[in-house]
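Asks: A single structure is presented below for examination.
The values are calculated or read from the model by the stated rules, or taken from the named source; none is laboratory data. Because the structure is a prediction, the values reported are computed rather than measured. Virtual Cβ from ideal backbone geometry, glycine too; neighbours counted across all protein chains shown. Keep in mind that these areas ignore ligands, DNA and RNA; they rest on the heavy atoms of the full protein, side chains included. Shrake-Rupley method; radii C 1.70, N 1.55, O 1.52, S 1.80 Å.
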Protein chains: 2
Amino acid sequence: MIRLDFSKLDGLVPAIAQDWQTGEVLMVAFMNEESWRLTQETGIMHYWSRSRGKLWKKGESSGNLQEVKELRVDCDDDCVLARVRQIGDAACHTGYRSCFYRVAEGIGPGGAPVLRTDGRKVFDPREKYGEPR
Amino acid sequence: MIRLDFSKLDGLVPAIAQDWQTGEVLMVAFMNEESWRLTQETGIMHYWSRSRGKLWKKGESSGNLQEVKELRVDCDDDCVLARVRQIGDAACHTGYRSCFYRVAEGIGPGGAPVLRTDGRKVFDPREKYGEPR
């Protein structure tokens, strides 16, 4: 296993999932040492869920797994870039293909920039998860 | 200013710099609220340097600034994706265009995967910074 530096973030490193063909950034999450090991061993992306405080096999409940095509590490050994094939076509729990479906632009009331939605919605989370998300 | 959730990581959010034309992921660093504000106001990427514990205008010493072309935020408001024009053609202090110039692959002695260098070296850091990095 490639050794990473998990010391800077209390046992975690950021991990980026990027579409292996188009280069689109799908999501960013965190890995602990166990999820990094499982990702390498299984070829399926595993993260650490900060909100749930547990190992997170991405897509375990939704079926939208991420198949690893390539794993890269950065110059400081404290970040992972994974090129993946996104099963089910959507990475985001909102139903969008990418979690980054909002662009900061324009000026709204009060002079503040506004967020414009710019992304492809693949599924309706109410249908997929059975409740509003 | 778009409000982000800085509470999950002690005042920081991860920020990805991606080449605005090719989609190549150049680097990942962190932003605090001040660097996020300055990035939006100036159109130049600002981070928070964890190692130096200070605001970090990327490229301030090397000249390799990052010009913001587009800013995106993720579904949880706790991560930034910036599409940038990389001045000087290299984002990494090692002289490579991207910090992710190593691929985890193959099996080395002891059965462990090895890192293969796969990236474009743009400058020699000894010449640029005057010392080994």
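Asks: State yes or no: is B:GLU70 of a type in the set (Asp, Glu), at the interface with chain A (Cβ under 10 Å from one of its Cβ atoms) and surrounded by 14 or more Cβ atoms within 10 Å (Cβ to Cβ)?
Replies: Considered against the rule, which asks whether it is of a type in the set (Asp, Glu), at the interface with chain A (Cβ under 10 Å from one of its Cβ atoms) and surrounded by 14 or more Cβ atoms within 10 Å (Cβ to Cβ), B:GLU70 comes out as yes.
Asks: Here's another thing I want to ask about it. Please go through region B:30-39 and pick out each residue that is closer than 16 Å to B:ILE16 by Cβ and within 13 Å of chain A (Cβ to nearest Cβ).
Replies: Residues satisfying the conditions are B:PHE30, B:MET31, B:TRP36, B:THR39.
Asks: A:PHE6 passes all but one of (1) within 29 Å of A:LEU115 (Cα to Cα); (2) away from chain B (no Cβ under 12 Å); (3) in contact with a helix residue (DSSP H, G or I) (Cβ under 8 Å, 6 or more places away or on another chain); which number fails?
Replies: (1)
Asks: If A:SER61 meets every condition in (1) outside any helix (DSSP H, G or I); (2) surrounded by fewer than 23 Cβ atoms within 10 Å (Cβ to Cβ); (3) within 12 Å of another protein chain (Cβ to nearest Cβ) apart from one, which number is that one?
Replies: (3)
Asks: Mind checking whether some residue in region B:73-86 is open to solvent by less than 20 Å² (accessible area, probe 1.4 Å), assigned to a loop (DSSP other than H, G, I, E, B), in contact (Cβ under 8 Å) with a residue 24 or more places away in the chain and under 24 Å from A:LEU9 (Cα atoms)?
Replies: There is at least one residue in region B:73-86 that is open to solvent by less than 20 Å² (accessible area, probe 1.4 Å), assigned to a loop (DSSP other than H, G, I, E, B), in contact (Cβ under 8 Å) with a residue 24 or more places away in the chain and under 24 Å from A:LEU9 (Cα atoms).
Asks: What number of residues within region A:89-116 satisfy the criterion of being at pLDDT below 95, more than 15 Å from B:ARG3 (Cα to Cα) and outside any loop (DSSP other than H, G, I, E, B)?
Replies: Total meeting the criteria: 1.
Asks: If A:TRP56 meets every condition in (1) under 12 Å from the mean Cα position of the chain (by Cα); (2) at the interface with another protein chain (Cβ under 10 Å from one of its Cβ atoms); (3) assigned to a strand (DSSP E or B) apart from one, which number is that one?
Replies: Every listed condition holds for A:TRP56 apart from (2).
Asks: To continue, here is another question. Give the residues of region B:44-53 that are on the phi > 0 side of the Ramachandran plot and either within 11 Å of another protein chain (Cβ to nearest Cβ) or at pLDDT below 95 (or both), sorted by residue number.
Replies: none
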